Amino acid sequence: MTSIRAWRPWLLGLTLALGLAACATAPDPSDRAAMRQYEEANDPLEPMNRAIFAFNQVADRYVIKPVAEAYVELPQGLRDSIRNFLRNLKTPIILANDLLQGEGRRAGETLTRFLVNSTAGVLGLFDVAAANGVPYHDEDFGQTLAVWGVGEGPYLVLPILGPSNFRDTAGMAADWLADPVRDWAEDHDKSWANWTRTGLRAIDLRAELLETLDKLERTSLDYYAALRSMTRQRRDAEIRNGARDQPGAMPKIEIEDDDDPPPQRK
Amino acid sequence: MTAMLRALCLLSILVLVPLAPAPGQAATPEQGAAFVKDLADRALEALGKFKNLSKADRETRFREVMHTGFDIPTIGRFVVGPTWRKASEAERARYLELFERYIVQTYAARLAEYDDEKIAVAAARADDGDVVVASQILRKSGPPVKIDWRLREAKAGGLRVIDVVIEGISMAVSQRSEFASVIQQGGGEMAPLIKLLGEKTGG
């Protein structure tokens, strides 16, 4: 309960921001090309999203990225163990979502991994299970909602947390509230543990993306739009659990009006 | 028995490689698989083997590989979307010229992560006249990276890559979305996109 109260100002702020944000002006419906583009982008809140994105980039440049760059200087073995430990702590959330999606085999893998890594892997510090053919997989409630048929809703850039959408934001909140590990720490006056865990997860993720995002920012014409498209596609792949033979797994490349001559200049 | 089958398979692929399909004739998945294997090996080699060369030299080598393997005009045409119709002949030509430089630059940057790695072609299937090839980059550390390739018969004949999908992210779709954003902010015209492409590629 305390947790919800602590988040109230945030939620209020978010709601206000959403309410105040001028929606991106939809193009003239008679302009079919522009209209299709607008729909493809799925970003009616683009002005607000771009503002938050700009804020995030400043936070990234001055705080998050420098910390991640320092972090990768730590020995690989230590960083691996931190990641393994964090992943092991996420077991209840992953297992619950495996089950909610009716993924029996994957739920079995998650449970096996937890049992093996918590014991033979010394409290989750070593991924013994992966070395024995049971690799890690992630799950979250946003993906579960998607499997249940909930649409993604408009694209949403969250402060600090980055690209998301309405469905996944709700999913993230649900996972956070339902997490027994977080709950236990809070009940035992160990909020510091929760903050440390959240911080480490963020740094681990950012550190992994250091090179990728640098390259993307350097080569893209519109970093915001590139990231928007890529995170949405990546999310779709995660929801499919990486399956490549499902419809939509491989986009069609259709070229419209291929042989149109160029317009005559007046 | 399976070993023999595999050897036969490999042999048939080796025999098929030099036989580029004649124009108008649909390519088979096997041809697609062999094409991707050969292309990816050459691309990774260009990126990896010449590590000590300057960035420009590596790009030159990579460009050669892209030319033989990718249908760059078709990709360029796709990513610019319906704005193509509004563009003049001169704008189209200039755009395609800059796009070629841009795509070599971006693909080289994105694929350079996988230099020194091996590619394994997993499966190939026919898809609506195209061939889709599923492959994996096997890394020295970490899980393999899934890369899917969409191949299409080029107008001039011969199989060419028109899209690369890395872990579910299509390069063509991402670029199309990005270009659309640039075009929209530039008032729906081709000119601002051309200007930005020129700045990005230093030409």
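Observations
- Cα gyration tensor, the stretch B:74-196 - rounded (a/c under 1.5), prolate or oblate: prolate
- Placing pseudo-labels 7 Å out from each Cα toward the beta carbon at A:Leu99 and A:Arg234 gives an inter-label distance of 3.0 nm.
- Computed [θ] at 222 nm, helices only, for chain A once each DSSP H run of length n ≥ 4 contributes -39500 (n - 2.57): -19500 deg cm²/dmol
- A:Met35/B:Ser88 FRET efficiency (R0 22 Å; Cβ-Cβ; nearest 0.05): 0.40
- Square roots of 5 times each gyration tensor eigenvalue, C-alpha, the stretch A:27-71, largest first, Å: 35, 10, 6
- Extension gain for A:Ile160 to A:Val58 (0.36 nm times residue separation, less C-alpha to C-alpha distance): 35.7 nm.
- Nitroxide proxy distance, nm - points 7 Å out along Cα→Cβ at B:Thr28 and A:Ile255: 2.7 nm
- Shape category assigned to chain A from the gyration tensor of Cα positions, a/c cut at 1.5: prolate
- Potential lengthening between A:Glu186 and A:Gln76 on full extension [0.36 nm per residue; Cα-Cα distance subtracted]: 36.5 nm
- Given B:Lys37/B:Lys195; A:Lys252/B:Lys155; A:Lys252/B:Lys37; A:Lys190/B:Lys146; B:Lys140/B:Lys195, the pairs whose alpha carbons are separated by over 29 Å: B:Lys37/B:Lys195; A:Lys190/B:Lys146; B:Lys140/B:Lys195
- Over the stretch A:85-239, the pair-distance histogram of Cα-Cα distances with 5 Å bins from zero comes to 2, 8, 14, 19, 20, 18, 12, 6, 2, 0 percent, rounded to whole numbers.
- Candidates A:Asp183, A:Asp28, A:Asp222, ranked by Gaussian network fluctuation over chain A, Cα under 10 Å, top entry: A:Asp28
- Gain upon complete extension [A:Thr196, A:Gln246; 0.36 nm per residue less C-alpha separation]: 14.1 nm
- The mean sequence distance of close C-alpha pairs (under 8 Å, at least 6 residues apart), as a share of the length of the stretch A:40-239, puts its relative contact order at 26 percent.
- Here the Gaussian network model covers chain A, with springs between Cα atoms less than 10 Å apart; of A:Arg240, A:Arg182, A:Arg105, A:Arg105 fluctuates the most.
- Rounded to the nearest 20, the size of the Cβ-charge dipole of the stretch A:40-239 about its Cα centre is 240 debye, with Lys and Arg at +1 and Asp and Glu at -1.
- The stretch B:179-203 and the stretch A:153-225 have Cα centres separated by 32 Å.
- Taking all protein chains together and a 1.4 Å probe, the residues B:His67, A:His137 rank B:His67, A:His137 from largest to smallest accessible area.
- Across peptide A:218-224, the mean count of Cβ atoms from other chains lying within 10 Å of each residue's own Cβ comes to 6.
- Heavy-atom accessible surface of A:Ser191, to the nearest 10 Å², is about 50 Å², with a 1.4 Å probe and all protein chains retained.
- GluC sites (Glu not before Pro) within the stretch A:67-163: DSSP coil, no more than 10 neighbouring Cβ in 10 Å: A:Glu73
- Residues B:Leu53 and B:Leu96, FRET efficiency given R0 of 22 Å [Cβ-Cβ distance, rounded to 0.05]: 0.20
- Spin-label model, A:Met172 to A:Val122: label points 7 Å out along the Cα-to-beta-carbon direction sit 3.4 nm apart.
- Cut-off 14 Å, label 7 Å out along Cα→Cβ of A:Arg218, residues of the stretch B:111-140 by amide N: B:111-114
The values are calculated or read from the model by the stated rules, or taken from the named source; none is laboratory data. Given the structure is predicted, the values throughout are model-derived calculations rather than measurements. Methodologically, a virtual Cβ is constructed for each residue, glycine included, from the backbone with ideal geometry; neighbour enumeration extends over all protein chains shown. Surface areas here come from the heavy atoms of the whole protein model, side chains and all, with no ligands, DNA or RNA. Shrake-Rupley method; radii C 1.70, N 1.55, O 1.52, S 1.80 Å.
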